[in-house]
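Peer 1: To start, I am sharing the structure in question, which I have written as structure tokens.
The values are calculated or read from the model by the stated rules, or taken from the named source; none is laboratory data. What you see is a predicted model; the values in this text were computed from it and never measured. Here the Cβ positions follow ideal geometry from the backbone for every residue, glycine too, while neighbour counts run over all protein chains shown.
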Amino acid sequence: MKIRKIYIIIVLNIFSNILFAQSKELFLEDYYFIKNINSGKATEYNDIVGNPYLNREFTEGIFYFRDSTAFKLPVRYNIYADEMEYQLEGKNYAVNDPKSLSRIMLGESAFLFLNSNKGRGYFELLEGGKYTLLQKREVKFRPEEGPKPIEGTIKPASFVKYPDTFYIMTEDSELKKISNLKSLIMYMDDHKVKIENFIKKEKIKKAKKENLVKILKYYNTL
């Protein structure tokens, strides 16, 4: 009886190893599909001061395609190039055809690729509902500056972080830039009085990220 139990355990272990090997192989085939069809090598930056990425290090992410398939990969967001990069077998790749993606999860944050009236690129989803709150990041390249008469030093080429921009996206997918609280209230004119009272009650003074999220959460309950 004891020998039979040992035999069953051995068989189950062999069977599970075969299944794992098969699933791993299929998983890798899916990876190569992404690399060969939808991706190219990521741009490398040498001798440039500053950070063009949301985070320099790759973190666990998930690509969700419009056909409902999903792939888990190490991901980072290149803000300057406005590209999502992933890592495979020690090499870095950038997605060339983001239109096939419904969203990308980068840690706990969801990013959407939009081609809208305000331009195309990746926007972080902050709040969903009747109106969707989106955040757009921006990094610009500053070329090297030659030595000036007084300073006598060369300023190296660098990446410079610019302030984030916030938008609301309406039900017809139109993007509207939030310049300040006044502009946000104007977009929500169907509940203008309630929004104004809410802002006053919550003592909201500036169009900061956390305040915008709070207002959108409230608006989407109306």
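Peer 1: Which is surrounded by fewer than 18 Cβ atoms within 10 Å (Cβ to Cβ), under 22 Å from Met84 (Cα atoms) and of a type in the set (Phe, Trp, Tyr), of Phe113, Phe159?
Peer 2: Going through Phe113, Phe159 in turn, the sole match is Phe159.
Peer 1: Ser183 is checked against (1) closer than 30 Å to Arg76 by Cβ; (2) in contact with a strand residue (DSSP E or B) (Cβ under 8 Å, 6 or more places away or on another chain); (3) not in a strand (DSSP E or B) and fails just one. What number does that condition carry?
Peer 2: Ser183 satisfies every listed condition except (1).
Peer 1: Tell me the strands (runs of 3 or more DSSP E) entirely within the range 53-104 that contain at least 2 residues that are hydroxyl-bearing (Ser, Thr, Tyr).
Peer 2: 59-65
Peer 1: Continuing with the same structure: Taking the conditions exactly as written (within 16 Å of Pro52 (Cβ to Cβ), surrounded by 14 or more Cβ atoms within 10 Å (Cβ to Cβ) and not polar (S, T, N, Q)), does Arg142 satisfy them or not?
Peer 2: For Arg142, the condition - within 16 Å of Pro52 (Cβ to Cβ), surrounded by 14 or more Cβ atoms within 10 Å (Cβ to Cβ) and not polar (S, T, N, Q) - is met.
Peer 1: Then there's this: Residues in the range 56-85 that are surrounded by 18 or more Cβ atoms within 10 Å (Cβ to Cβ), over 15 Å from Ser39 (Cα atoms) and of a type in the set (A, V, I, L, M): how many?
Peer 2: 1
Peer 1: Within the range 121-156, work out how many residues are at pLDDT 85 or above and of a type outside the set (A, V, I, L, M, F, W, C).
Peer 2: 17
Peer 1: Going by the structure shown, is Leu184 surrounded by 13 or more Cβ atoms within 10 Å (Cβ to Cβ), farther than 19 Å from Leu54 by Cα, touching a residue at least 12 places away in the same chain (Cβ under 8 Å) and in contact with an Asp or Glu (Cβ under 9 Å, 6 or more places away or on another chain)?
Peer 2: It is false that Leu184 is surrounded by 13 or more Cβ atoms within 10 Å (Cβ to Cβ), farther than 19 Å from Leu54 by Cα, touching a residue at least 12 places away in the same chain (Cβ under 8 Å) and in contact with an Asp or Glu (Cβ under 9 Å, 6 or more places away or on another chain).
Peer 1: Moving on to the next point. Of (1) surrounded by 11 or more Cβ atoms within 10 Å (Cβ to Cβ); (2) out of contact with any Lys or Arg (no Cβ under 9 Å at 6 or more places or on another chain); (3) under 23 Å from Ile62 (Cβ atoms), Glu124 satisfies all except one. Which?
Peer 2: Going through (1) surrounded by 11 or more Cβ atoms within 10 Å (Cβ to Cβ); (2) out of contact with any Lys or Arg (no Cβ under 9 Å at 6 or more places or on another chain); (3) under 23 Å from Ile62 (Cβ atoms) one by one, Glu124 breaks only (2).
Peer 1: Additional query: Confirm whether Lys205 is part of a loop (DSSP other than H, G, I, E, B), over 23 Å from Lys118 (Cα atoms) and not assigned by TED's automatic domain parsing to the domain that holds Leu114.
Peer 2: Answer is yes for this residue.
Peer 1: Quick one: is Val193 in the same structural domain as Ile79 (by TED's automatic domain parsing) and either within 28 Å of Pro52 (Cα to Cα) or aliphatic (A, V, I, L, M) (or both)?
Peer 2: No: the conditions fail for Val193.
Peer 1: Is there a residue being touching a Phe, Trp or Tyr at 6+ places or on another chain (Cβ under 6 Å) and either in contact (Cβ under 8 Å) with a residue 60 or more places away in the chain or not in a helix (DSSP H, G or I) (or both) anywhere in the range 187-197?
Peer 2: Within the range 187-197 (the criterion being touching a Phe, Trp or Tyr at 6+ places or on another chain (Cβ under 6 Å) and either in contact (Cβ under 8 Å) with a residue 60 or more places away in the chain or not in a helix (DSSP H, G or I) (or both)), the answer is yes, since at least one residue qualifies.
Peer 1: Of all residues in the range 188-222, which are surrounded by fewer than 17 Cβ atoms within 10 Å (Cβ to Cβ) and within 25 Å of Arg120 (Cα to Cα)?
Peer 2: Ala207, Lys208, Lys209, Glu210, Val213
Peer 1: For Ser116, are the conditions met, namely being out of contact with any strand residue (DSSP E or B) (no Cβ under 7 Å at 6 or more places or on another chain), of a type in the set (Ser, Thr, Tyr) and at pLDDT below 85?
Peer 2: Judged against the criteria, Ser116 is not a match.
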